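Asks: This is the structure I want to talk about, given as structure tokens.
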């Protein structure tokens, strides 16, 4: 059991995918067209195993990050970008079973999720996250002048006149929200959902949202 972060925590910022809801809850079929588009433009750039590893990463990271990490050609990225930018969840989602635990937090609760705006906003609606969180933000990778998660975190702190030590970032990705929180001096908490690799870069680790009230109490 970890010790409380602070007695003055005023704000908690959450990630979405693999934090509040499993990324694959949207259904494998939704991403199929995007994967096929990337594959059609591959032309031997990546081997089959490399492609599968890249597709697997698409469930945990934004497409631009995946493309850079796995060495997509310009045509591969463009094809995938076009397909993914049009995707939208059209069914209800339930998220992880511990979402109601968010309502036990007295702190201001914000969401910052990275990805294509249309897709991420459809997930937010499908999960009815407005019921659980006070403000919802999409770090849209398909829009100009993107400020990234670090930029969004700083903007939220500034808007609410909150110091980094009075906030907390909760998410799964060491390379994304955990890194951004650490860079700003915000205490970070990695939630170890199924399949999420543990990272020692996070200050604290939890396995369920039910542990959060104990951290900020």
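Read-outs: derived from the displayed coordinates by stated rules, not from any lab. Just so it is clear, the structure is predicted and the values come from calculations on it, not from any experiment. Here the Cβ positions follow ideal geometry from the backbone for every residue, glycine too, while neighbour counts run over all protein chains shown.
Asks: Fewest first, what order do 205, 61, 43 take by the number of other Cβ atoms within 10 Å?
Replies: So the ranking, lowest neighbour count to highest, is 43, 205, 61.
Asks: Calculate how steeply helix 48-57 sits against the longest principal axis of the alpha-carbon atoms of the chain, using the helix alpha-carbon long axis, and give the answer as 0 to 90 degrees to the nearest 10.
Replies: Roughly 30 degrees between the two axes.
Asks: Once both axes come from the Cα atoms, what is the angle between helix 148-160 and the longest principal axis of the chain, in degrees from 0 to 90, rounded to 10?
Replies: Result, in degrees: 30.
Asks: Rounded to the nearest 500, what is the 222 nm mean residue ellipticity of the chain from helices alone, with -39500 (n - 2.57) per DSSP H run of 4+ residues and division by all residues?
Replies: Result for the chain: -10500 deg cm²/dmol, rounded to the nearest 500.
Asks: Follow-up question, since we're still on this one. Relative to the first principal axis of the alpha-carbon coordinates of the chain, what is the inclination of helix 28-40, with its axis defined by its Cα atoms, in degrees from 0 to 90 and to the nearest 10?
Replies: 50 degrees
Asks: Treating the Cα atoms of the chain as identical point scatterers in vacuum, please give the log10 of the normalised Debye intensity I(q)/I(0) at q = 0.11, 0.15, 0.17 Å⁻¹, two decimals.
Replies: Debye curve over Cα of the chain, log10 I(q)/I(0) at q = 0.11, 0.15, 0.17 Å⁻¹: -0.53, -0.96, -1.19.
Asks: Still on this structure, please answer the following. Write down Rg/Rh for region 25-84, rounded to two decimals, with Rg from the C-alpha atoms and Rh from the Kirkwood relation over Cα pairs.
Replies: Here the Rg-to-Rh quotient is 0.91.
Asks: Give the Rg (one decimal place) followed by the Dmax (whole number) of region 62-105, computed from C-alpha coordinates and expressed in Å.
Replies: 16.6, 47
Asks: Moving on to the next point. How big is region 40-162 by the Kirkwood estimate over distinct Cα pairs, in Å? Can you show the working numbers first?
Replies: Values: mean 1/r = 0.0610 Å⁻¹.
Value: 16.4 Å, from the Cα pair sum.
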